[in-house]
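Written below as structure tokens is the structure these notes are about.
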Amino acid sequence: MIGILGFVAVFGAGRWLGWPARWLWLLAWGWLLVLLLAHAPYMPPQLGEFVGGEFRGWFVLGVLAALVLAYRSLLGRVRGRVADPDTLPRGQRTGAFAPVELERYARHIMLREIGGPGQKNLKAARVLVVGAGGLGSSALMYLAGSGVGVIGVIDGDAVEGSNLQRQIIHADARIGMPKVFSAEIAMKALNPFIEVRPYHRRLEAALAAELVAEYDLVLDGTDNFDTRYLVNRVCAAAGKPLISAAITQWEGQISLYDPAEGGPCFECVFPQRPAPGLVPSCAEAGVASPLPGVIGAMMALEAVKHLTGAGSGLRGRLLIHDALYAETRVIGVKRRAGCAACGGA
Ligand SMILES: [Zn+2]
């Protein structure tokens with residue numbers, strides 16, 4: 001009787017105290033060893049009677065338990081290797097990690113600032129990326145690699161040969177394909193455990209609010225000002241944080257605009273839309289191939305930090321990277337009273 005109660009106590013107390021399953025099993029095996037020793041021939045018979053049962057009974061139980069565990073572990077390994085995440089029920093995709101996922105995200109989980117809880121946050125997160133161009137290329141790939149559960153990507157363009165100098169999510173063989181589908185292929189090839197939602201259209205005002213409402217965080221890597229201001233307005237109205245970045249030739253900038261949490265919005269910092277033609281696009285002015293990769297990776301990094309709560313983000317700070325002279329500086333930015341997008345403060 002005491003023998004059985006011991007197991008109940010181990011699992012009951014362990015569960016109550018929130019111990020990891022591995023500790024519970026270790027304690028349970030330890031207790032079984034104690035029970036077997038209590039029935040050993042050189043022990044006083046009263047001890048065996050006190051814990052109950054007999055040596056053979058406990059021994060058979062131990063062997064059976066070991067067989068069950070070995071079978072489950074083998075099954076888990078086989079299943080994990082062939083797991084097709086698309087066939088997993090939704091709950092399983094957002095909940096527990098399959099063994100192969102734990103292995104995949106091990107370098108994240110061992111980081112003190114991310115760990116298991118942070119990786120779960122990433123898996124439960126929904127991130128919308130506006131633009132599958134240069135900035136989107138590395139942002140999308142690293143979001144996929146990081147294990148962000150649902151990644152939406154919206155872009156109305158198709159892959160062109162002149163994109164491939166820097167838009168490394170695409171491929172020569174996919175010239176002519178809508179960028180969002182090309183990006184989906186690359187992201188799913190890197191990480192089949194995530195859900196990619198491609199929207200092959202330009203972000204327009206009529207759609208934007210409804211779309212943004214479905215996501216926790218928005219990344220804007222477009223190169224046109226209409227979309228940039230539109231995304232900011234929609235995010236500010238919906239109270240969604242926005243990581244927005246821009247590049248020209250050799251210089252990039254990035255910040256987290258989050259007026260719901262007291263930071264400025266994009267329009268607080270850039271109230272005046274530049275006159276048409278004043279700020280040339282990449283197509284007009286050129287851009288160094290790795291620059292969007294650097295800034296796009298920073299977008300993904302700030303997204304991972306924001307979703308896991310690691311470190312300090314870029315709320316209220318604008319990071320400017322001058323690649324030509326290898327200089328990076330950060331300037332403070334504030335909310336602007338009477339801002340048309342977020343209302344200021
Ligand atoms: Zn504002």
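The values are calculated or read from the model by the stated rules, or taken from the named source; none is laboratory data. Model, not experiment: these values are computed from the prediction. Neighbour counts run over all protein chains shown; Cβ positions are idealised from the backbone, glycine included.
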Ser182 is checked against (1) closer than 24 Å to Lys120 by Cα; (2) more than 16 Å from the ligand (Cβ to nearest atom) and fails just one. What number does that condition carry?
(1)
Only one of these is within 16 Å of the ligand (Cβ to nearest atom), assigned by TED's automatic domain parsing to the domain that holds Ala236 and buried (at least 20 other Cβ atoms within 10 Å of the Cβ): Leu314, Leu307. Name it.
Leu314
Subset of the range 272-304, residues touching a residue at least 24 places away in the same chain (Cβ under 8 Å) and in a loop (DSSP other than H, G, I, E, B), comes to Arg273, Pro274, Val279, Pro280, Ser281, Gly286, Ala288, Ser289
Would you please name the residue that is nearest to the ligand (Cβ to nearest atom), looking only at residues in the range 323-333 that are in contact (Cβ under 8 Å) with a residue 60 or more places away in the chain and under 28 Å from the mean Cα position of the chain (by Cα)?
Val333
Conditions first: (1) closer than 30 Å to Thr308 by Cα; (2) assigned to a helix (DSSP H, G or I); (3) at pLDDT below 70. Leu102 passes all but one, so which condition is the exception?
(3)
May I ask you to verify whether Ala285 is more than 30 Å from Gly116 (Cβ to Cβ), away from the ligand (no atom under 16 Å from the Cβ) and surrounded by fewer than 16 Cβ atoms within 10 Å (Cβ to Cβ)?
yes
Filter result (more than 22 Å from the chain's Cα centre (by Cα) and within 13 Å of the ligand (Cβ to nearest atom)) within the range 235-259
Ala236, Ala237, Pro259
Residues to consider are Ser146, Ser73, Ser162; find the one that is among the hydroxyl-bearing types (Ser, Thr, Tyr), more than 28 Å from Gly311 (Cα to Cα) and modelled with pLDDT of 95 or more.
Ser162
Quick one: Arg93 ticks every box in (1) touching a Phe, Trp or Tyr at 6+ places or on another chain (Cβ under 8 Å); (2) assigned to a helix (DSSP H, G or I); (3) at pLDDT 75 or above except a single one, so which number is it?
(3)
Would the range 264-275 turn up any residue that is more than 16 Å from the ligand (Cβ to nearest atom), among the small types (Gly, Ala, Ser) and in contact with a His (Cβ under 6 Å, 6 or more places away or on another chain)?
no
Can you confirm whether the range 292-300 contains a residue that is modelled with pLDDT under 95 and away from the ligand (no atom under 16 Å from the Cβ)?
no
Hey, among the residues in the range 176-202 that are among the β-branched types (Val, Ile, Thr) and within 14 Å of Ala132 (Cβ to Cβ), which one's surrounded by the fewest Cβ atoms within 10 Å (Cβ to Cβ)?
Ile185
Among the residues of the range 288-303, write down those that are of a type outside the set (D, E, K, R) and crowded, with 24+ Cβ neighbours inside 10 Å.
Pro292, Ile295, Gly296, Met299, Ala300, Ala303
For Asp220, state whether it is surrounded by fewer than 23 Cβ atoms within 10 Å (Cβ to Cβ) and under 22 Å from Ser138 (Cα atoms).
no
